[in-house]
Structures are given as structure tokens and as C-alpha cells.
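The values are calculated or read from the model by the stated rules, or taken from the named source; none is laboratory data. Remember, predicted model here, so these are calculated numbers, not experimental data. When we count neighbours, we look across all protein chains shown, and the Cβ atoms used for this are built from the backbone with ideal geometry, even at glycine.
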Amino acid sequence: MKRFIAGLCLFFLVAAVWAQDDIFLHPLKAPDIDAFRTTLGLLAKNQIVRGSFEQEKTLSRHNRSLKSSGNFIIASELGMVWETLRPFPSALTLGRDYLVQSRPGGQRTVLGAQGNETFIRLAEVISMVFTGNAQGLLDNFEVYYFGNAANWELGLLPRDRTIASFAARITMKGDAVIRSIFIYEQNGDTIKYVLSNHNFPSELTEHEISFFALP
Amino acid sequence: MKYPFLRFHEMRSPWGLRIWLLVHLSIPVLLVLSLFFVGPVRINTLLMDMLPKPAGDSMVMAADRVLAERSSREAVIFTASPDFETAKKGAAVLYRELKNRPEAEILSLYFDPAVIAEFTEYLHKYRFVIAGRNTLELLKTGNAEEIAMDALAVAFGAFSLISLDNIDTDPFLLAGRRLEEFLTSSLLAGGNLSLKDDVLAAHIDGTWYVMLRILFTPQAVSIREGRNTIGAIYAAAAAIKKNLPHLEFYFSGIPFHTYESSSSAQREIAIITTISFSAILLLFIFIFRSPIPVVISILDIVVSLALAAGTALLIFREIHIITFIFGTALIGICVDCSIHFFTHWKGNVALKNGYEIRSRISKSMIICFVSTGICFFAFIFAPFPILKQFAVFSIAGLLSSFLSAYCIFPLLKVPGDKKRQIEILSDKFYARINGITCKKLSLPPVFRYIIIASFVIVSLSIIFFSRQGIRIENDIRSLYTMSASMQKAEMRAAQILNHGSPFWYFIVSGESREEALINEEKLIVRLEKEVANGNLKSFLATSVFVPSVSRQNKTYEAMKALLPLARSQYEYLGFPPEYAEIFYKEFAAGKIHCFPEDAPSLSGIANLWIGEVNGIYYSAVMPLHPANEAIFRAIAEEFSFVHFINKTEDINRDLDTLTRTIVLAFFAAWLVISIMICFAYHWRDSLKICAVPVFMVIAALAVLTLNKIPLGFFPIAALILAFGLSLDYVVYMTGARHHESKNITSLAVLLSFLTTILSFGALSFSSFVPVHIFGITVSGGLSAAFISTMLLHGRKD
């Protein structure tokens, strides 16, 4: 009986992993290129995308997860802002050639391009996904794609080993906008984002612009 | 046994041969014995070793040499391509080629997660005793909550760049906090380089550069191994380039310069030696038309060079490769004795045998040997190792040549009277080549003095109109001119690395390791003020990575402010309360100290921490992008334990002082020798002898001025040598003045001049600046001395 239960557990575990890795069975091939480009074209259609996110970091080593939520802004000209509101406020601005971490109490740390290219490039890669930079994604990742522009799933394997040391695999799901993102880290940790309340303003508010201002 | 050319049975005294044998056997025997009792000898090719050691605190200089020794073994190779993959592949293939070579002490290309893990592990292990200034400030000012909130913000924030792997034992993310500061202040974060695909790469002007770093073993940078290693690197790079189009290599670092300069030096030695030997050979065949003077003179040169090299190796245990280039000039100098002997041997029928020939020229020969020897001897006190070696090399060579001419040559059997004729001295010869007679060659005294006066006026005019450029100035940087390809590679490397590291730095000392680190922290506090003032961008220092134990203890005490926050921190992070208990226990056991040797291998500590040298501990502090050197010199003056090191400037300053002293000593020597000459010769002869060096100096100054060469140490040293050599001509000519064989002496002086000018003229084409300066100065000076000697004495009888 014990063996049967163990076998059943193993079956479900393998099935879960199989399901999780499913997208990586669909490398981007010629017939899917058009759908892939259309999907990214739709993502890039809006200059500014604003919305809410829920984040869950799963720390596999500690069998714990850290949940948080907040707002995001994607401005194709400026970069991205991830403003965590709960449970502890902070913000991360990924600019063109800088990275600003805003901490509670208003303290802001700037990481300039020089000496921090790794982080900046990581930010660029993340931006590529959100701004629908098809060529950038093809250059920097092995791309896996399934579905169509109305309902798609994307898998990304970083070609750059340095980027891969931060994010071993990335999967995304969406339609006209990105609905969820999974980042699988080398150490087994995962970060899951669920995005909602997307809206597409024509311009940013002053408060939003201030995130991009260097201190 | 009878030798066809030697007349041992007619030897007047056996002592000559005995002395010759004593000198020529004792040096080789002593050298061989020293190999067993003292150790091996070597040819030194290290470029930096040709420079003088700066004056100053000898203890600090000893520490600096440890630092310099390491940096002289470091090299950087960049592979470059418009395509990153090609650049990386080129670097990877070269890495594979080199990684198993024993000459590479450290070879690094890949900065994979293991490197970051090493940093993280180090910082996690010592997280309670190492903290950045900002963290310490927060702890000391009662703002520990801010650290806790920062950690929570990172843990719950989006896209955290700090690993949460150790959050169970480090809930305040102290290691990650320090890692941020660490990466931005370590050598890893330098310049335009960043981590890309596990390698350090830079993207500049559309080209990708991938960096490969090598630290060679000390043995690898010596000549033979160095040639093999660097040669193997070049060969491997050439092979890789064939398979990867559009791939370029840039080689930077002292080992590559050493290789290039030693290869170039060996090439030059071969060329100069071949030219000098060939020219002397042809000249001797043309003049003497007999194999004996040619063979004996060539043997004399070979024996002199061998004794010279043996003596220099015996005394210094090494000869710098550039000493050899200087030493090739010995070919032209040491043949002078042979010339003077053989011109009489071949052309002076009045002298019946070798001993009579020796008697005729012995006074001049001895005076010339002593005066030239004195001038070379002066170089023994020069601060340049290559000049010291050159001095010993040349004196030994001269001694050998002198002893051969004095003790061995008289044993040679003179030819029969019919054969004792030098064709060039016969009217028949002149008539054949020019249709003129010897008489036509003679100039009335008035013309000769007009020519001398014109020559002096022209030289003085050049000096007068270029007087702005005549100054005592030394710049050791100008002593080495790198090739265009090396220059391009170095400029590209500087652009990529962009460390902004100047040629100067600080060395901090202390009676113990702890004191050295404490002293360094005091200096850092002062330097941070200059960072705030905008005079300095940053700096590299050991204590940034490894604080003193005293500071580590203070940090540990300050960290106690976090303990009351641990429970709530774990609660926020979703860990049960028992984790806080474990944290307290770990904290209690966490007062462990780190030392320089514990730092991660790629933190760059090895380039900063010098360690113990003669019982004192030292470390280097490297400023990055400083504004004004004077500010930092002044800062060093504020602390007794801080030593400002600018070797280039210090050596230049020392050399300027030394050059001024030498100029004065030169005048003094000229006066002393002039007085001696006044006692030895008639006043009219004395005047002529003393005037020749003056003409020589004026001409050499004019040549230097025209070539825009400032009066540095090397030109002045060359002037001294030219002084010694130029005296020879006038002394021989004066010695022959009252003899009927003046024509023969004139020919000997002409030959002597031609052979010397050939040797030093060849040096003036050298790519090594000191050798070039020597060649040009001595050639100019000797030409003037020869012309003025001939005009003063050279009227044909």
C-alpha cells in the first residue's frame, strides 16, 4: 500500500513537472513565427502599460513562499517600474542604462551602467519581454511558443550564461497583454507574477515620471 | 715546438704572457667555480630591470618591489570581434590551450556562478564582522530597523538581485548588502567590463572584447621560459585567428613588452655584431692585405667579448639583454689596440720586431687604456643596472684587448721588409684613386684653424638658437618606446579597463598585520574626504574587503543592534520563532575574524596586500581617477605610515640631481686630466689635447640639440665616454708627432675612428632609446674629436 501511495505521489510530481515544462516542448519554428511576431506586436502596441501585479517568490530550499503585490508601469521610451506596495513598500526602476532601487523611507540607490552592466542587461532582457522586442528575444533566448495571438504561451531559455544564473527559464502566458510570468532560478526558486488591471494611458503622471528621475 | 708566427724564444720577459694567462684563465675558472658555490647566472630580459631603483626608504622600496614583481608577471589578453560569440570562442580556445601550461600560475576567463558563490560564501561566513560604511552608520545611529526594512523590501520586492538562499540564517541579508558594495568596488566591477555569458566582456564602438587574465610564474618571465610561453601564446593566437575570421587579439602587460623588447634586442645584437664584424673584417683586409692582422684582431675581439661577458656574469650573476646591445660597441673600441700595433707591424720598417713596436706605442696605449677605463669606471656609480654592467663589461673587454696587444702581439714575427708596406699610405695608391699626391692632401695651418673655427661657430650657433631646448631633464618613460602594435594594444586595454589608475599609489606600513590594516583604514577615511570633494573617484584597498580585527570587533558589537529585531524579522519572512533562536546562537558563535588570505581569489586582494617584508607589514592603496597628484602627495605627508610612491617621478627627480652632479664632475675630471696632461706634454701639445674634448662636447651638444634630445642622464654619460675615447686620438697623434712614422699613426687613428664610429653609429639605429642616445652622442662627439685632432695634428709629412 505504501508503495502504491509513493508511486502515486511520484506520478503526480512527474505530471506536474511535465505540465510545467510543457511549453519547452514547442520550440519556435517557421510556421509559428508569424503568430509569435503578431503576439509581440500586440504587446508593443501600447507605449505605456500600467497595471497591478501579485508576486509569489517560492524559496525551494526553505520550503517557503513570499507573497507581495503592487503596481507596474511599462513605458517603452523610459523603462519599467515595479512598485511593491504590500506587505513592504519598495520600488525598482529599470531604466535604459540605470537601475534605481527605492527603499522604505525614500532612500534610493542608483546602479549606473558602468560596473553594473550585468544588472542593466538583465533589466534590458526583462524589458524585451514586456515591450515585445521580438528580435531582442530571439537574439538573447532560445524561444518556445505555443498558441496564437489571442491565447499564447511563451518559453524563454537565456543564451547568456550570466543571465541564466539569475533566470534559468522564463515562461509567460497572455493574450493581448501579459497575464502571468514564471521565472525559474538556477537554485530551484521560482518567482510567479500574475498581472491584472491593465490599462493604457497616453502619458504618465508626474508621480510615475518621478520614478524614472535619477536622485 | 715552434710556432710559425710566435717568437717565444725571443720573449724579453715571461711576465707578460703569465699576466695574460692569469687574467684570461682566472675569470673563466672563477665563473665556473661560482656556478657551483654561488649559483647559476642568467641573461636578464625583464624590461623593468633596466630602470634604476628609486631612492627613498629602502624598507618601503623592498615592499614595493614585491608588488612590482607580481605586477610584472600579470598580463591581459583581449579577444575582439564585432560578434560576441566569436570573441568569446577565441578567448575560450586560447584558454584551453594555456590552462594546462605550468607557466600560468593563474589563468582566468570564466566568471561563472562559482565565482559569485565564492564571494557570497565569504560574505556570509563573515557577515557579522564585515559591513559597509553605510550599514555601520545605520547601526551606530540607532537605525537598525532600516536595515531590517531594507531586507524585507528586497525579499518581497520585484526582481531582487540579491540571493535569498541564506535568508534562514541571514534574515537581514547582510551578506547581500555587502555584496552590492563589494561588486561595485572590487576589481570585478572595473571599467567598461561586465559579466556576459560567464566571461568579462565589453562592448565598445561596435566591437566585443572578452578578457583573459594571466599571472605567469616567476620562472615563466625569464628569458628562455618567457620566450617559450609568450611565443606559444602568440602562436596559439595566430592559429585561432586562422579559424575565426574577424577575430583580433590585443596583448597587454609587462610580460609581452619584455618578450618584444628581448626579441628586438637579440635581433639588434645579431645585426650590429654582424655589421661591425663584417665592416672591420673588410677594412682590415683592405688595409693590411694579410691574414695575420685580420685573424689575430678578430680573435682578439672574440676573446675580449668572452672575457667581458664572463667578468660581468661573475660580478653581477646576470647580464641584462640591453647591456649586450651596449656591449657590441666594445667591438669597435677593443680593436683599437690591434690597429695601432698592426699598422706599425705592417708599415713601419724602422721597427724591427714586436717589442720595438710596443715600445713605440706603449705610452699612448697605456694613457688611452687608463683614460678610457676611467670613463667606463665612472658608469659603475650610475644608478642604472645596465650601465653598471656595461662598465664592467667594457673595462674587462678593454683590459683583455690591452693585455693581448701589450703581452701577446709583440710575440708575433714581423713580415719581411718587402712585405711591410701599407698600400694606402703610398703615393702610388693616391695617384691611382685620385690622381693626386699626398702633398695635395696637406692644408696650410691657417686653413685648418679657419675650418676649426667655422666648425665651432656653427656648433655654437646651433646651440645658441636652440638654447631653449637645452635643459637637464630626465624622463624614464621615454627610455622605452613600444612598437605600434603594442601601443595600440595598450591603448585599447586602457580604454576597456578604464580603471583610471595613475602611475602613483600609496604604500601603508605597520608593525603588524593588524596595525597595517588599521593604518590603511585611517588613510581611507582621509581619501573618502577627497572622494566627497570630487578629487578622487574611488580607490582600491585591502581593508575595504578585509577590515582590521579592531574594526571587525566594532562591527560585531554594532551588529548587536539587530538582535532585538530578529524575531519579528523571521516572523515577517514566514519563519517559525525557533529560527530566531538559531540566529542568536549563530551570532554568538559568529565573532570569527577574516584575514587577507581568506578573501575570495578574484577580489583583487593579491594585487594590494603585500604582507610581511623584513618584519614590517605593507599594503598598497590604489587611487582611481584622481584629480591632482599634489593633493595626494600632501595627504601622504600627513601620516608617518603612508608612503607616496611615484617611481617615475621620483626616479626622474633623482636622475636630474645625478645628471647635474655628473656634469660638474665631468668638468672637474676634464680639469684634472688637463692638469695631468700639462705635466706629461709640452704646453702646445697640452693645449691641443685639452682643446679636443671641448670641440667634442660642443659638437655633441649641437647634435643633441638638433635631435631635440634633452640633456638627460644617458646623453651626459655618453659624453663622458666620448671624452675618454676622443682623448685616444689626440694622445696617439701627439705621441707620434716627433717620430717619422706619423703617417702610420694617422692611419691607425683613422682606422680606430672608423671602427669605433661603425660600432657606435650602428647603436644610433637601435630601437632602444638609451642605446640610440648613446650611439648618436658618442658618434657625434667622436666625429668632432677625430676631425679636430686631424686638423690640429694631421698634416701629412
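Quick look at the values:
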{"quantity": "Qualifying position, being of a type in the set (D, E), closer than 17 Å to B:R177 by Cβ and at pLDDT 85 or above, among B:E97, B:E85, B:E137", "calculated": "B:E137"}
{"quantity": "Residues satisfying the stated conditions in segment B:497-526, i.e. surrounded by 22 or more Cβ atoms within 10 Å (Cβ to Cβ) and farther than 25 Å from B:E121 by Cβ", "calculated": "B:Y505, B:F506, B:I507, B:V508, B:S509, B:A516, B:N519, B:L523"}
{"quantity": "Test: B:Y584 is within 14 Å of another protein chain (Cβ to nearest Cβ) and under 30 Å from A:K67 (Cβ atoms)", "calculated": "no"}
{"quantity": "A:F72 vs. criteria modelled with pLDDT of 75 or more, in a loop (DSSP other than H, G, I, E, B) and surrounded by 18 or more Cβ atoms within 10 Å (Cβ to Cβ)", "calculated": "no"}
{"quantity": "Matching helices (runs of 4 or more DSSP H) fully within segment B:384-455 where at least 3 residues are modelled with pLDDT of 85 or more and either surrounded by fewer than 21 Cβ atoms within 10 Å (Cβ to Cβ) or not aliphatic (A, V, I, L, M) (or both)", "calculated": "B:385-403"}
{"quantity": "Scan of segment B:624-647 for residues that are under 25 Å from the mean Cα position of the chain (by Cα) and buried (at least 17 other Cβ atoms within 10 Å of the Cβ), ordered by number", "calculated": "B:H643, B:F644, B:I645, B:N646, B:K647"}
{"quantity": "Residue list for segment A:183-204, filter: without any contact (Cβ under 8 Å) to a residue 40 or more places away in the chain and either within 30 Å of A:A149 (Cβ to Cβ) or under 10 Å from the mean Cα position of the chain (by Cα) (or both)", "calculated": "A:I183, A:Y184, A:E185"}
{"quantity": "Of the criteria (1) at pLDDT 90 or above; (2) more than 24 Å from B:A153 (Cα to Cα); (3) crowded, with 20+ Cβ neighbours inside 10 Å, which one B:L573 fails", "calculated": "(2)"}
{"quantity": "Hits in segment B:529-540 (condition: touching a residue at least 12 places away in the same chain (Cβ under 8 Å) and either aliphatic (A, V, I, L, M) or surrounded by 11 or more Cβ atoms within 10 Å (Cβ to Cβ) (or both))", "calculated": "B:E530, B:N535, B:L536, B:K537, B:S538, B:F539, B:L540"}
{"quantity": "Subset of segment B:197-213 that is of a type in the set (A, V, I, L, M) and out of contact with any Ser or Thr (no Cβ under 8 Å at 6 or more places or on another chain) - its residue that is farthest from B:N607 (Cα to Cα)", "calculated": "B:I204"}
{"quantity": "Candidate set: segment B:576-586, residues that are part of a helix (DSSP H, G or I) and surrounded by fewer than 18 Cβ atoms within 10 Å (Cβ to Cβ); chosen: the one nearest to the chain's Cα centre (by Cα)", "calculated": "B:E586"}
{"quantity": "Residue in segment A:100-118 that is out of contact with any Leu (no Cβ under 8 Å at 6 or more places or on another chain), modelled with pLDDT of 80 or more and either facing chain B (nearest Cβ under 9 Å) or not in a loop (DSSP other than H, G, I, E, B) (or both) present", "calculated": "no"}
{"quantity": "Tabulated pairs, segment B:264-284, first surrounded by fewer than 16 Cβ atoms within 10 Å (Cβ to Cβ), second not in a helix (DSSP H, G or I) and not hydroxyl-bearing (S, T, Y), C-beta under 9 angstrom, 6+ apart or interchain", "calculated": "B:I271/B:F765"}
{"quantity": "Any hit, segment B:231-238, residues being under 22 Å from the mean Cα position of the chain (by Cα) and surrounded by 15 or more Cβ atoms within 10 Å (Cβ to Cβ)", "calculated": "no"}
{"quantity": "Answer residue from segment A:147-156, given it is small (G, A, S) and more than 16 Å from the chain's Cα centre (by Cα) and is farthest from A:F72 (Cα to Cα) among those", "calculated": "A:G147"}
{"quantity": "Hits in segment B:132-161 - residues which are within 10 Å of chain A (Cβ to nearest Cβ) and of a type in the set (S, T, N, Q)", "calculated": "B:N134, B:N143, B:S160"}
{"quantity": "1 or more residues of a type in the set (D, E, K, R) and under 41 Å from the mean Cα position of the chain (by Cα): qualifying helices (runs of 4 or more DSSP H) within segment B:73-161", "calculated": "B:84-98, B:113-125"}
{"quantity": "Number of positions in segment A:73-90 that are of a type in the set (A, V, I, L, M, F, W, C), facing chain B (nearest Cβ under 8 Å) and in contact with a helix residue (DSSP H, G or I) (Cβ under 9 Å, 6 or more places away or on another chain)", "calculated": "1"}
{"quantity": "Pair list, Cβ under 9 Å, 6 or more apart: segment B:127-148 residue crowded, with 18+ Cβ neighbours inside 10 Å, other residue aromatic (F, W, Y) and assigned to a loop (DSSP other than H, G, I, E, B)", "calculated": "B:R127/B:F172; B:A144/B:F172; B:I147/B:F172; B:A148/B:F172"}
{"quantity": "Of residues in segment B:588-616 being assigned to a loop (DSSP other than H, G, I, E, B) and touching a Lys or Arg at 6+ places or on another chain (Cβ under 8 Å), the one nearest to B:E69 (Cα to Cα)", "calculated": "B:F595"}
{"quantity": "Any chance B:I106 is more than 14 Å from chain A (Cβ to nearest Cβ), closer than 29 Å to B:D197 by Cβ and at pLDDT 90 or above", "calculated": "no"}
{"quantity": "Condition met for A:T171 (assigned to a helix (DSSP H, G or I) and either more than 14 Å from every other protein chain (Cβ to nearest Cβ) or modelled with pLDDT under 90 (or both))", "calculated": "no"}
{"quantity": "Segment A:157-181 - residue that is under 14 Å from the mean Cα position of the chain (by Cα) and in contact (Cβ under 8 Å) with a residue 60 or more places away in the chain and, of those, surrounded by the most Cβ atoms within 10 Å (Cβ to Cβ)", "calculated": "A:I178"}
{"quantity": "Search result, residues across segment A:19-64 that are of a type in the set (F, W, Y) and within 14 Å of another protein chain (Cβ to nearest Cβ)", "calculated": "A:F53"}
